[in-house]
1. How much accessible area per residue does the chain have, in Å², with a 1.4 Å probe?
2. Calculate what fraction, in whole %, of the accessible area of the chain sits on carbon and sulfur atoms when a 1.4 Å probe is rolled over the protein chains.
3. Rounded, prolate or oblate: which fits the chain, taking a ≥ b ≥ c as square roots of the Cα gyration tensor eigenvalues, rounded meaning a/c under 1.5, else prolate when a/b beats b/c?
4. Would you please give the FRET efficiency between GLU37 and LYS111, computed as 1/(1 + (r/R0)^6) with r the Cβ-Cβ distance and R0 = 35 Å, to the nearest 0.05?
5. For the chain, compute the number of Lys pairs whose alpha carbons are separated by less than 15 Å, excluding pairs fewer than 8 positions apart on the same chain.
6. Lys/Arg Cβ at +1, Asp/Glu Cβ at -1, dipole of the chain taken about the Cα centre: which of VAL9, GLN21, SER92 is farthest positive-ward?
7. How big is the charge dipole of the stretch 1-82 about its Cα centre, in debye rounded to the nearest 20, if each Lys and Arg gets +1 on its Cβ and each Asp and Glu gets -1 on its Cβ?
8. What's the magnitude of the charge dipole for the stretch 15-129 around its Cα centre, counting Lys and Arg as +1 and Asp and Glu as -1 at the beta-carbon? Answer in Debye, nearest 20.
Amino acid sequence: MDIYEKAAVLISLTKKKRSVQEELDEINNAEEELEKELYWALMSAKLYELVSSGYVLRPVMKLNAAAKDDRTIRSLRRRGFGDLVKPTIHPSTASSFVRKQLEQSGGELPKWITDSFSIVYKETISMRRD
């Protein structure tokens with residue numbers, strides 16, 4: 001294979017890769033939308049577990065949190081949570097911290113937490129083989 005053939009193959013593979021990525025993005029978007037719809041349908045029907053096609057599906061509300069800025073780290077240290085913080089705070093650590101604070105406070109977060117963290121709730125479906 002000469003240099004021109006290799007270039008043509010590379011161009012072809014790059015185009016194919018972009019096309020497949022676009023298709024994957026469409027599938028991911030459709031899956032995310034359907035997952036949200038199924039979550040709310042299950043919650044409306046008060047179904048907390050559904051067995052279908054050999055899978056057990058459960059609606060799960062996921063909480064994701066991330067520090068908004070460097071002030072969050074200083075605020076955590078001042079309030080005695082410095083052990084959570086290295087130079088930064090990892091998103092999974094932030095999410096875990098916020099979940100724990102929610103549990104301890106009975107579902108209400110203190111203002112300093114809502115001011116310091118970007119908190120996003122996402123409706124998902126947990127799926128495992130039956």
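The values are calculated or read from the model by the stated rules, or taken from the named source; none is laboratory data. Computed from a prediction, not measured in an experiment: that's the story for all the values here. Cβ: placed from backbone, ideal geometry, glycine included. Neighbour counts: every protein chain shown. Areas reflect the complete protein model, heavy atoms only, side chains present, ligands, DNA and RNA absent. Shrake-Rupley method; radii C 1.70, N 1.55, O 1.52, S 1.80 Å.
1. On a per-residue basis, the chain sits at 75 Å².
2. After summing per-atom areas, the C and S share lands at 54 percent.
3. oblate
4. 0.55
5. For the chain, qualifying lysine pairs total 6.
6. SER92
7. 860 debye
8. Value, rounded to 20: 620 debye.
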